[in-house]
1. For region 352-374, name all the residues that are exposed (fewer than 12 other Cβ atoms within 10 Å of the Cβ) and either modelled with pLDDT under 95 or within 15 Å of Gln24 (Cβ to Cβ) (or both).
2. Just one of (1) in a loop (DSSP other than H, G, I, E, B); (2) open to solvent by 20 Å² or more (accessible area, probe 1.4 Å); (3) closer than 23 Å to Gly369 by Cβ trips up Asp206, so point out which.
3. Test of understanding: among Val233, Val199, which residue is in contact (Cβ under 8 Å) with a residue 60 or more places away in the chain, buried (at least 19 other Cβ atoms within 10 Å of the Cβ) and in a loop (DSSP other than H, G, I, E, B)?
4. Residues Asp221, Asp213: which one is within 28 Å of Leu377 (Cβ to Cβ), acidic (Asp, Glu), within 18 Å of the chain's Cα centre (by Cα) and at pLDDT 95 or above?
5. Going through Ala303, Ala310, Ala335, Ala328 one at a time, which residue ends up being in contact with a Leu (Cβ under 6 Å, 6 or more places away or on another chain), over 16 Å from Asp225 (Cα atoms) and modelled with pLDDT of 95 or more?
6. In region 18-52, what count of residues is obtained for those that are open to solvent by less than 20 Å² (accessible area, probe 1.4 Å) and in a strand (DSSP E or B)?
7. Go through region 251-331 and tell me which strands (runs of 3 or more DSSP E), entirely inside it, have 1 or more residues that are aromatic (Phe, Trp, Tyr) and under 17 Å from the mean Cα position of the chain (by Cα).
8. Which of the residues that make up region 176-195 are open to solvent by less than 10 Å² (accessible area, probe 1.4 Å), outside any strand (DSSP E or B) and in contact with a Phe, Trp or Tyr (Cβ under 9 Å, 6 or more places away or on another chain)?
Amino acid sequence: MTSKSSTTSVLGPNAVIGIVGGGQLGRMSAMAAAKLGFRTQILTKDPNSPGAQVSHGVTLGAYDDLQALDAFARTVDVVTFEFENISADAMDCLSQYCPVRPSGHILRISQDRLAEKTFFTDNDIPLAPWHAVTDLSSLHDAAEKLGLPFILKTTRNGYDGKGQRRIHHLDELEDAFHALAPHPLVAEGMVSFACELSVMVVRGVDGTVRCFDPGMNEHRDGILDLTLAPAPVEPSISARAQALAVSIAEKLDLVGILGVEMFLDQSGVLLVNEIAPRPHNSGHWTMDACPVDQFEMHIRAVAGMPLPPAIRHSDAVMKNLIGPDDMALWPQIIAAPTLLPHLYGKEDARPGRKMGHVNMIFPYGSLPGKLGIQNALGPLASPEIAEEEITAP
C-alpha cells in the first residue's frame with residue numbers, strides 16, 4: 001500500500017486533513033485548517049461533537065474500528081489527532097495510507113506515564129523523582145525512597161486531576177493501590193514548586209522549530225483555571241523552559257505541535273511534568289495574542305507548510321469556562337468589553353466540563369498583577385481572590 005503523499009511535500013489548497021477526535025481541540029484545529037484553505041475530515045463517534053460541527057466531513061466510528069479507520073483514511077491526505085486516549089496501533093494502521101503527524105511512536109510515549117518518564121530519564125530531561133509500581137511490595141519500596149507525602153498515579157487516562165491519589169500515610173497504600181487501575185502505576189515525589197509553566201513548541205517536516213513564550217498556569221479543583229502569558233518569571237527561566245521544550249521536540253523527531261508542562265521549584269530548577277503532542281489548553285491564549293496561533297502552527301506543520309515565527313503582539317490571560325456555573329454567566333461574559341469568548345458547542349454543561357474559554361489581551365509588556373487580572377475578568381472574577389499581586393518567583 002502506498003502513501004498518498006511523500007513525507008516532504010506541502011499540501012495544496014483543498015487538501016484534506018484528517019483529525020482523529022471530535023473534541024474542542026479538533027474543532028479549533030479544523031477552523032484553523034479552513035483559514036488556510038484546507039478541508040478537514042473528523043473521525044468521531046459523536047455526529048454532534050464540537051469538531052464535527054465545523055468540519056467539511058465526518059467519519060463516524062470508534063478509534064479502533066478497522067472498518068471506520070479504513071473509510072476515514074481513504075478520504076484524507078494527512079492525519080493528526082486531538083487527544084491521546086486513542087490507539088497508537090490505529091495510528092500505525094493509518095500511516096499505511098498517508099503521513100500521521102505526530103507519529104504513533106510519540107503517541108505511545110505521551111499516553112503512558114511510565115513510558116513518558118522513562119523517555120525523560122533516558123534523555124536526561126529533568127523531572128521529579130519517580131518509581132514504577134507493579135505490586136504492593138514495589139509501592140512500599142517507592143514510599144520508602146520518595147518519602148511522604150507522594151502522589152500515586154495511573155499510567156493512562158489521567159487528566160484534570162483524575163486517576164491519582166495523594167498518599168500521606170503508609171496505611172493508605174493498599175487502598176490506593178487497589179483503587180487505581182489498571183496497573184502498573186507510577187509513584188511521583190512531591191515537588192515544592194513556585195509555579196507551573198507550559199510551553200507550546202512546534203516542529204515542521206523540515207526540522208524547523210518554533211516556540212511560543214512560556215505561560216504560567218493556575219489550577220482550581222485539579223482543572224486548569226488561568227494561563228498568564230508571558231509567564232511572570234525571569235527572562236532566563238523563560239529561555240531555559242523554551243530550550244527544554246525544543247530539546248524534547250527534537251529528541252522525539254516531532255512533526256506538529258507539542259505542549260510541555262513543567263514545574264519551577266523554589267530553587268529555580270525546572271522539572272518537566274508531562275508532554276502532550278497536540279494543541280493544548282494552556283496554549284489557547286495564542287488565539288488572540290499572536291499573529292499565528294497554536295492551531296494554525298500545528299496545521300502548518302502537519303501540512304508541511306513553512307512555519308512563521310511564534311511571536312505575540314500582546315500579553316494575555318486565558319480563563320477556562322467550566323460547567324454550569326460559568327455558563328450561567330454567559331450573558332454577562334458576551335457583554336464584557338475585556339473578554340474575548342470562545343465556545344466549544346457542547347450542549348451539556350456538566351460540572352467540571354470545559355465548555356469554552358475567554359481570552360483577555362493587554363498591551364505588549366503590560367501584563368497586570370492579580371488585582372488587574374481580576375478586574376479585567378469582570379463577571380468571572382473570583383470573589384475569594386487574595387489581595388497580593390502575582391509576582392515572579
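1. Correct list: empty.
2. Only one criterion is unmet by Asp206, namely (3).
3. Val233
4. The match here is Asp213.
5. Ala303
6. Within region 18-52, residues that are open to solvent by less than 20 Å² (accessible area, probe 1.4 Å) and in a strand (DSSP E or B) number 7.
7. Because the criterion is at least 1 residues that are aromatic (Phe, Trp, Tyr) and under 17 Å from the mean Cα position of the chain (by Cα), the strands (runs of 3 or more DSSP E) in region 251-331 that meet it are 256-265.
8. If the condition is that a residue be open to solvent by less than 10 Å² (accessible area, probe 1.4 Å), outside any strand (DSSP E or B) and in contact with a Phe, Trp or Tyr (Cβ under 9 Å, 6 or more places away or on another chain), then no residue fits.
The values are calculated or read from the model by the stated rules, or taken from the named source; none is laboratory data. What you see is a predicted model; the values in this text were computed from it and never measured. Cβ: placed from backbone, ideal geometry, glycine included. Neighbour counts: every protein chain shown. The protein model used for the area step is the full one, side chains on, heavy atoms only, and it has no ligands, DNA or RNA in it. Shrake-Rupley method; radii C 1.70, N 1.55, O 1.52, S 1.80 Å.
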